[in-house]
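The values are calculated or read from the model by the stated rules, or taken from the named source; none is laboratory data. No experiment lies behind these values; they were computed from the predicted model shown. Positions of Cβ are backbone-derived with ideal geometry, glycine not excepted, and every protein chain shown enters the neighbour counts.
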Amino acid sequence: MFYCRPIHGNFALLSFFAFPAQAVKGLLKQKLFVTGFHSALALFRQPWYSTTSKRDSLTEAQKLWGALGPAGKCAREFRDHAFHPITLEDRPIDDYRDKGGSEAQLGAFLRNMAALVKVAKNYDNEREFFAALEAMDISDLVRDLHLWVKRTNDTSGDISFSDLSDGERQLLMVLGLIRISRGKRALFLLDEPDTHLNPHWQHTYLDLIREWTEVTSHESLCHIVMTSHNPLTIASLTKEEVRVMVQDEKGKLTITPPYTDPRGMGFTATLTEIFGLPTTLDPETQRDVDDRNRLAQIAKRSEEQERQLIAINDKLTRLGFMFEDREPLYSDFLQAWKDVRYEGRPPLTPDQVEARRKAMSQIIKDLVKEKGEAA
């Protein structure tokens, strides 16, 4: 069992830089504008199981308090290739209820890519290096790991991992762990990982996973179960990839695939067909639609009802409600056409509406007649 935490995003990114892959380099640059590694600062602390006394803790920091195994080996690589390992004393507070206490630490700063390469030289690939970094964390040897990257769209040219947005950090964390685990028998349980992502990434989330992690050839081994309430994420999937969970009034839970593919519906239709929303309209517009439908069903409308129906139809038309298409470019065209057509135009009177209907009826009759004569 592996619980994904924010620091794993640092570990994954550090592993990518140490063992660069073309797929990762391309996506880092395209999606995050990250072009390379700048520097890293590892802060080590005395682990809880260390036998070093409190009095000797600071003096033993350079020896990493006798840490052994994969964790100790990796930590010593950081120390040996750091610019100038520094022994320091801090009073970290892990919980606001905690008063904190004195803690001996060792700071190891990797100032450039060459130093990172030296740290990772004893590992064969990114997975081995990540496992060593994770071993240091599991062994309670790492207080923190600060990572700076080079970025094209930042005025300073480099920013820390913590300065990335929540969505960017979460994306790196999840995709990084999936990539590290590719080729192994693994089940990933992702609880709404798309929450902090921008709409474009939400819409292409699974494609990002496939491109970044290169798990296509390992799909029989690697499985992903993901929960989401986001129509943009669901809208790109087939019905075989989706299960809808519904709980009735008695608490009974049913899990079924949707009746058709969300892919091709459009995300607005996904809200009604998959998530069960009665409408995607705002309450006021929905009331207008309901009133329009109610009035339209009356066979013999009074003069007042006719005026109400005309006013509602005109209002809905001006809102562009009558012009909708799933193709975004065509929808934009219809919206622009509506804006030009109704700009500064007063509502139609009942007589004008009637005249328009008669004109349309006559055009249709003429077209039908012309088509019949041509046949």
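I want to confirm something. Restricting to region 136-157 and keeping residues that are among the β-branched types (Val, Ile, Thr) and surrounded by fewer than 19 Cβ atoms within 10 Å (Cβ to Cβ), which single residue is modelled with the lowest pLDDT?
To start, the set of residues in region 136-157 that are among the β-branched types (Val, Ile, Thr) comprises 138, 142, 149, 152, 155.
Next cut, surrounded by fewer than 19 Cβ atoms within 10 Å (Cβ to Cβ) only: 138, 152, 155.
Working: 138: 91, 152: 81, 155: 66.
Restricting to residues being among the β-branched types (Val, Ile, Thr) and surrounded by fewer than 19 Cβ atoms within 10 Å (Cβ to Cβ), the top hit is 155.
Just to check your reading of the model, which residue among 13, 58, 43, 28 is without any contact (Cβ under 8 Å) to a residue 40 or more places away in the chain and either closer than 30 Å to residue 182 by Cα or in the same structural domain as residue 170 (by TED's automatic domain parsing) (or both)? Let's see the steps before the verdict.
Values: 13 fails: without any contact (Cβ under 8 Å) to a residue 40 or more places away in the chain; 58 fails: without any contact (Cβ under 8 Å) to a residue 40 or more places away in the chain; 43 fails: without any contact (Cβ under 8 Å) to a residue 40 or more places away in the chain.
Within the list 13, 58, 43, 28, the selection yields 28.
Residues are listed down the side, and each one gets a yes or a no for (1) under 21 Å from residue 203 (Cα atoms); (2) under 24 Å from the mean Cα position of the chain (by Cα); (3) surrounded by 13 or more Cβ atoms within 10 Å (Cβ to Cβ); (4) in the same structural domain as residue 357 (by TED's automatic domain parsing):
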site	(1), (2), (3), (4)
248	no, no, no, no
255	no, no, no, no
267	yes, yes, yes, no
286	no, no, yes, no
289	no, no, yes, no
301	no, no, yes, no
307	no, no, yes, no
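Just to be sure, is residue 106 in contact (Cβ under 8 Å) with a residue 40 or more places away in the chain, in contact with a Leu (Cβ under 6 Å, 6 or more places away or on another chain) and either surrounded by 15 or more Cβ atoms within 10 Å (Cβ to Cβ) or in the same structural domain as residue 57 (by TED's automatic domain parsing) (or both)?
Values: in contact (Cβ under 8 Å) with a residue 40 or more places away in the chain: yes; in contact with a Leu (Cβ under 6 Å, 6 or more places away or on another chain): no; either surrounded by 15 or more Cβ atoms within 10 Å (Cβ to Cβ) or in the same structural domain as residue 57 (by TED's automatic domain parsing) (or both): yes.
No, not satisfied.
Between 285, 272, which is within 20 Å of residue 235 (Cβ to Cβ), free of Cβ contacts under 8 Å to residues at least 60 places away in the same chain and either in contact with a strand residue (DSSP E or B) (Cβ under 8 Å, 6 or more places away or on another chain) or of a type outside the set (D, E, K, R) (or both)? Even if it seems obvious, please write down each step before you answer.
Working: 285 fails: within 20 Å of residue 235 (Cβ to Cβ).
Within the list 285, 272, the selection yields 272.
Looking for whichever is within 12 Å of the chain's Cα centre (by Cα) and modelled with pLDDT of 80 or more here; the options are 163, 191. Which one fits? Please lay out each step first, then the result.
Numbers: 163 fails: within 12 Å of the chain's Cα centre (by Cα).
Unique residue meeting the criteria: 191.
Using beta carbons and a limit of 7 Å, which pairs, at least six apart or on different chains, have the first residue in region 182-202 and more than 13 Å from residue 166 (Cα to Cα) and among the acidic types (Asp, Glu) and the second one outside any loop (DSSP other than H, G, I, E, B) and at pLDDT 80 or above?
The qualifying pairs are 191/227; 192/227.
Sort out which residues of region 248-284 are modelled with pLDDT of 85 or more and of a type in the set (S, T, N, Q), and write them in order of number.
254, 256
Restrict the check to region 223-231 and report whether at least one residue is over 18 Å from the mean Cα position of the chain (by Cα) and surrounded by fewer than 18 Cβ atoms within 10 Å (Cβ to Cβ). Don't jump to the end; show me each part of the working.
Going residue by residue through region 223-231, those that are over 18 Å from the mean Cα position of the chain (by Cα) are 223.
Narrowing the set further to residues that are surrounded by fewer than 18 Cβ atoms within 10 Å (Cβ to Cβ) leaves 223.
Yes, region 223-231 has at least one match.
Given (1) touching a strand residue (DSSP E or B) at 6+ places or on another chain (Cβ under 7 Å); (2) loosely packed, with under 14 Cβ neighbours inside 10 Å; (3) acidic (Asp, Glu), identify the lone condition not met by residue 94.
Evaluating residue 94 over (1) touching a strand residue (DSSP E or B) at 6+ places or on another chain (Cβ under 7 Å); (2) loosely packed, with under 14 Cβ neighbours inside 10 Å; (3) acidic (Asp, Glu) leaves (1) as the failure.
Scan 52, 87 and give me the residue that is surrounded by fewer than 20 Cβ atoms within 10 Å (Cβ to Cβ), of a type in the set (Val, Ile, Thr), assigned by TED's automatic domain parsing to the domain that holds residue 127 and within 26 Å of residue 111 (Cβ to Cβ).
On the way: 52 fails: within 26 Å of residue 111 (Cβ to Cβ).
Answer to the selection: 87.
Only one of 258, 193 is part of a loop (DSSP other than H, G, I, E, B) and more than 21 Å from residue 31 (Cα to Cα); which? Talk me through it step by step, then tell me what you get.
Details: 193 fails: more than 21 Å from residue 31 (Cα to Cα).
Of 258, 193, the one residue that is part of a loop (DSSP other than H, G, I, E, B) and more than 21 Å from residue 31 (Cα to Cα) is 258.
Would you check if residue 217 is modelled with pLDDT of 80 or more, among the hydroxyl-bearing types (Ser, Thr, Tyr), out of contact with any Asp or Glu (no Cβ under 9 Å at 6 or more places or on another chain) and outside any strand (DSSP E or B)? Can you show your working first?
Values: modelled with pLDDT of 80 or more: no; among the hydroxyl-bearing types (Ser, Thr, Tyr): yes; out of contact with any Asp or Glu (no Cβ under 9 Å at 6 or more places or on another chain): yes; outside any strand (DSSP E or B): yes.
Spelling it out, it is not the case that residue 217 is modelled with pLDDT of 80 or more, among the hydroxyl-bearing types (Ser, Thr, Tyr), out of contact with any Asp or Glu (no Cβ under 9 Å at 6 or more places or on another chain) and outside any strand (DSSP E or B).
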